[in-house]
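Below is one structure, written out as structure tokens; comments come after it.
The values are calculated or read from the model by the stated rules, or taken from the named source; none is laboratory data. Keep in mind the model is a prediction, meaning the values are calculated, not measured. With ideal geometry, Cβ positions are generated from the backbone for all residues, glycine too; neighbour counts draw on all protein chains shown. Areas reflect the complete protein model, heavy atoms only, side chains present, ligands, DNA and RNA absent. Shrake-Rupley method; radii C 1.70, N 1.55, O 1.52, S 1.80 Å.
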Amino acid sequence: MFDLLVVNAKIHGKKELMQIGCKDGKILEVAVNIPSKSKEIIDADGYFVTPPFIDSHLHLDTPLSMGMPRLNQSGTLLEGIKIWGELKPELTRKTIKARAKKLLLWSIAKGNLVIRSHVDTTDPSLMAVDALIELRREMKEFIDIQLVAFPQDGILRSKNSMELLTCALDKGVDVVGGIPHFERTMTDGQKSIRLLCELAEKRGLMVDMHCDESDDPFSRHIEHLTFETQRLGLHGRVAGSHLTSMHTMDNYYVSKLLPLMAEAKINCICNPLVNMNLQGRHDTYPKRRGLMRVPELIGAGINVSLGHDDVMDHWYPMGSHDMLEVVHMGAHALHMTGPGQQEALFDGITTNGAKTLNLENYGLEPGCNADMVILQASSKQECIRLRPARLFVIRKGKRISRMAKTNATVTLGFEDVNVDFCP
Ligand code: FE2
């Protein structure tokens, strides 16, 4: 007897509609026909079923704070950091938690059940750390949250930053973060990478750094992050977030860099919505795109996953935490609209994200967690094109969110015509 049986499920790579049997929070069986009984049955009606979306890069302490205390007029990363600094004295644990919780409801409704969130550790009270650890505990039945200790004001540039970051790790933050391009000099940036990677190695933790998030072609902290990963044996456990300078780097330099990154098994996290907004702001025309070289990274065998980064805050004024919007923007801005390329980007919010976060039991195979999303579409490509309704979101074998189908009726004179956006 199953707890839940999902029937008529369209699964990527399977010709026939499948059934998925779940018990005790796990997927037990995936087959064309499962004869066993189930307490609950969900009919996917031929629609697409995927493991839940993963946001590899978010800031849960900042969403929905746009305009507090003022709007970002220049649209730049640096003005965003300045406004966040102005807001910090006004923050309370209660308001941080309330905004983050509201965002998590959006996340769940959109089918995002795994989030890696950075949390600012340069505030001496570590209020945001406490708020997000508490929220993670309260929401753990519904969503998985991995926290990254993020020294927003720099590890060397900001007072007591290393001590505060270490304290955040002691409180239960999972991953070591960094922001080398915001340190005072390139040399300090390099030093911050060494110190933070050594800390991660000592504690057996993963690393995820905001790295080279600028338009400076000579910002090459990814080279040092790769070197430290290799030196300390952190292969597969280190992520470089943003890497926007890579867009502007010299081609010869990149041809040397990518094989080194592949050798060190660096994971790359691209944030198309936010970096298309923040980067290129100092350009006249042509204006550069603020994205790492994703097709070339994938071609070099490097794992690439995607993040939303910000939702309605000082760095990005839009969004509803829909990871399919991230993929949609990426497909355009990266020139990745070919069929195989769109699927690779979809993997960036599913399987590749699981690899970046070092997740276990993620997927739609027997033994995996019974977490999945049923969308009003029939394929990965159609999900990207339509960004359709998430009809059911299932967590540990239980339905935790429902959404109505989005269909239109066009009235032509006296005739009503149902509009189906699938050709
Ligand atoms: Fe970020």
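Given the Cα-Cα distance of Y285 and S36 and 0.36 nm per residue of separation, how much length would full extension add, in nm?
Using 0.36 nm per residue and subtracting the Cα-Cα distance, I get 83.3 nm.
Let me have the 222 nm mean residue ellipticity of the chain computed from DSSP H runs of 4+ only, each contributing -39500 (n - 2.57), with the sum over all residues rounded to the nearest 500.
Calculated from helices alone, the mean residue ellipticity at 222 nm is -10000 deg cm²/dmol.
What length, rounded to one decimal in nm, is gained on full extension from L412 through to H335, with 0.36 nm per residue of separation minus their alpha-carbon distance?
The span from L412 to H335 would gain 23.9 nm if fully extended.
Just to verify a number: what accessible area does T248 come out at with the full protein assembly present, 1.4 Å probe, Å² rounded to tens?
Estimated to the nearest 10 Å², T248 gives 40 Å².
Ignoring the sites themselves, what is the longest stretch of the chain with no GluC sites (Glu not before Pro) in a DSSP loop and at most 13 other beta-carbon atoms within 10 Å?
Details: sites that count: E16, E141, E360.
With a cap of 13 other Cβ atoms within 10 Å, the longest stretch comes to 142-359.
For the chain, report the accessible area per residue in Å² (1.4 Å probe, heavy atoms, rounded to an integer).
Numbers: 17910 Å² over 423 residues.
Ligands and nucleic acids excluded, the result is 42 Å² per residue.
What ranking of R99, R157 comes out by heavy-atom accessible area, probe 1.4 Å, highest first?
Sorted by accessible area, descending: R157, R99.
Enumerate the calculated ³J(HN,Hα) couplings along the stretch 29-40 in order (Karplus 6.51 cos²θ - 1.76 cosθ + 1.60, θ = phi - 60°), each rounded to whole Hz, writing x wherever the residue is Gly or Pro.
Per-residue couplings from phi come out as 8, 10, 7, 5, 9, 10, x, 5, 7, 8, 5, 9 Hz.
At a Förster radius of 22 Å, what calculated FRET efficiency corresponds to the Cβ-Cβ distance of S74 and S320, to the nearest 0.05?
Efficiency, rounded to the nearest 0.05: 0.35.
Using Cα centres only, tell me the gap between the stretch 194-255 and the stretch 366-423 in whole Å.
38
What is the percent carbon and sulfur in the accessible area of the stretch 322-416, measuring with a 1.4 Å probe over the protein chains and ignoring ligands? Mind showing how you got there, number by number?
Values: 2150 of 4340 Å².
Answer for the stretch 322-416 is 50 percent, counting heavy atoms of protein chains only.
Evaluate the distance, in nm, between pseudo-label points positioned 7 Å from the Cα of Y253 and of R184 along their respective Cα→Cβ axes.
2.4
Using modelled backbone amide H atoms (1.01 Å from N, in-plane), which distant-in-sequence or interchain residues come within less than 5 Å of C368's amide H?
Placed amide hydrogens put I27 under 5 Å from C368.
Using a 10 angstrom Cβ neighbour count of at most 14 plus a DSSP loop assignment to flag exposed chymotrypsin sites (Phe, Trp or Tyr not before Pro), which longest range of the chain is free of such sites?
Formally, the longest exposed-site-free interval is 1-217.
Can you send over the carbon and sulfur percentage of the accessible area for the stretch 217-305, probe radius 1.4 Å, protein chains only?
Heavy-atom surface of the stretch 217-305 belonging to carbon and sulfur, 1.4 Å probe: 56 percent.
For labels at M162 and K101 in the simple 7 Å Cα→Cβ model, what's the distance in nm?
3.8
When a/c reaches 1.5 or more, the comparison of a/b and b/c decides; with that in mind, is the stretch 53-356 rounded, prolate or oblate per its Cα gyration tensor?
Values: a/c = 1.30, a/b = 1.16, b/c = 1.12.
Rounded.
So which lysines pass the test for K82, namely a Cα distance under 17 Å, with those fewer than 8 places away in the same chain ruled out?
Partners within reach: K159.
Given a 1.4 Å probe and every protein chain left where it sits, what share in percent of the accessible area of the stretch 23-153 is carbon and sulfur?
Solvent-exposed carbon and sulfur of the stretch 23-153 make up 57 percent of the total.
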